[in-house]
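For reference, the structure discussed in these notes is given below.
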Amino acid sequence: MSITYLDHAASTPMRPEAIEAMLPFYSEVYANPSGSHRFARQARRAIDESRDRVAAVLGCKPNEVVFTGCGTESDNMAITGALARSGGTAVCSAVEHHAVLEVVEHSGGRVVGVDAVGRVDLDELAATLDELAADSTGVAIVSVMTVNNEVGSVNDLDAVARIVRRHATGALLHTDAVQAASWLDLRTVTPHVDLLALSGHKFGGPKGVGVLVERGGPKVDPLIIGGGQERERRSGTHNVAGIVALATALEATDRDRDGELTRISALRDRLLDGLLAGLDDIIETVPRADKVAGSAHVCIGGIESESLLFLLDEAELCASAASACASGAMEPSHVLAAMGVDPRLAVGALRLSLGHETTDADVDRALDVIIASVTRLRR
């Protein structure tokens, strides 16, 4: 392919081993895993083995892993399921993915501010939880993402957990870890939370399959009912091929992570250094020490994102301005607004995200195309 793909935060190319792992479940082991005959039991065994494999990478027990249809479903299930089970209020940070933010806002929940790099404001979080406790409303669930999907900032879930346990006793702590698997060992995250969401296509797996970890057993009411296939936690026929491929991709990501962090960090740094040297009136949105290796988000003065993305698309360079879910939005992203980024620069946001197939040649071409395109627009 001739394209230069720097949109891994939106979706990653599937890993070859994940594609190979899923093929038999389309052509050979195609029975419904909920059936009683031996052909069905083969499919069921594949799901059970995949559950074991996912649990090993996440540092949880197999019976805590629930397979879902995507990260959005996992996030929705966590929040709506917690509210349905216990009542109370949902709380989240202002920079959450819309799969969390809109559910919290729709339920009448509370949104907490963030600092200049996009991490939840811990003091404001504590004050909000105290306020809700004081008026007897109670807190059902707090949701703070592990890695931001736009700018790549990393939250300290250990610190968040300490505040939630101290100021909202009994509240569940949920994290959207959809962007985290490629960059962080989730064994260091899972112990701090009650609920954790993943999506297969963010780390080399297929679209249409996700995970919700419910530590300690069922924590929330199911979002989808009518069959109870996933041990009464999520109804609907299992996506056997997708589940097997997700487990395979997650294992490969975990195996390769240390080497990839070194390689991709160097590529990311070269890309950012080249843009900062080749253009004026440009800022690196989040310092590199505060974000994951694959994130190269910048804000460029004197242009609008939509115009730049049009030129990049013409040049067959794939990038974005914000979350892929909001790619058509004309207004600056809610993430940059919450971080307090200068609106003049925010309208020129460019999200460049690297992944396991990014090469030196991709960085070289991206620098040429982006600098030329910005220069053209400014003229």
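The values are calculated or read from the model by the stated rules, or taken from the named source; none is laboratory data. If you're wondering where the values come from, they're calculated on a predicted model, not measured in any experiment. Methodologically, a virtual Cβ is constructed for each residue, glycine included, from the backbone with ideal geometry; neighbour enumeration extends over all protein chains shown. Just so you know, the surface numbers come from the protein's heavy atoms only, side chains and all, with ligands and any DNA or RNA stripped out. Shrake-Rupley method; radii C 1.70, N 1.55, O 1.52, S 1.80 Å.
Here are a few things to note about the model shown:
- In the set (1) open to solvent by less than 40 Å² (accessible area, probe 1.4 Å); (2) in contact with a strand residue (DSSP E or B) (Cβ under 7 Å, 6 or more places away or on another chain); (3) not in a helix (DSSP H, G or I), ALA293 fails one condition alone, (2).
- Flag not set for ALA46, criterion: in contact (Cβ under 8 Å) with a residue 60 or more places away in the chain and surrounded by fewer than 19 Cβ atoms within 10 Å (Cβ to Cβ).
- Candidates SER199, SER182 - the one that is among the polar types (S, T, N, Q), open to solvent by less than 20 Å² (accessible area, probe 1.4 Å) and in contact with a Ser or Thr (Cβ under 9 Å, 6 or more places away or on another chain): SER199
- Restricting VAL286, VAL298 to those that are touching a Leu at 6+ places or on another chain (Cβ under 6 Å) and outside any helix (DSSP H, G or I) reduces the list to VAL298.
- Residue that is least open to solvent (accessible area, probe 1.4 Å), among those in region 166-179 that are over 25 Å from ASN239 (Cα atoms) and outside any loop (DSSP other than H, G, I, E, B): LEU173
- Residues (in a strand (DSSP E or B) and among the hydrophobic types (A, V, I, L, M, F, W, C)) located in region 339-379: ALA349, LEU350, LEU352
- Any helices (runs of 4 or more DSSP H) falling wholly within region 1-102 and containing at least 3 residues that are within 25 Å of the chain's Cα centre (by Cα): 16-22, 38-58, 71-86
- Condition check for LYS207: more than 19 Å from ARG44 (Cα to Cα) and surrounded by fewer than 19 Cβ atoms within 10 Å (Cβ to Cβ): yes
- Those residues of region 104-121 which are assigned to a helix (DSSP H, G or I) and either in contact (Cβ under 8 Å) with a residue 40 or more places away in the chain or surrounded by 22 or more Cβ atoms within 10 Å (Cβ to Cβ) (or both), in sequence order: VAL104
- Identity of the residue in region 186-237, assigned to a loop (DSSP other than H, G, I, E, B) and touching a Phe, Trp or Tyr at 6+ places or on another chain (Cβ under 8 Å), that ends up farthest from ALA10 (Cα to Cα): GLU230
- Restricting attention to region 70-93, the residues being more than 13 Å from LYS219 (Cβ to Cβ) and open to solvent by 20 Å² or more (accessible area, probe 1.4 Å) number 6.
- Test for ASP280: is it acidic (Asp, Glu), more than 22 Å from the chain's Cα centre (by Cα) and either buried (at least 20 other Cβ atoms within 10 Å of the Cβ) or part of a loop (DSSP other than H, G, I, E, B) (or both): yes
- Test for GLY302: is it closer than 18 Å to LEU272 by Cβ and at pLDDT 95 or above: no
- In region 1-16, the residues that are open to solvent by less than 60 Å² (accessible area, probe 1.4 Å) and under 20 Å from ALA249 (Cα atoms): LEU6, ASP7, HIS8, ALA9, ALA10, SER11, THR12, PRO13, MET14, ARG15
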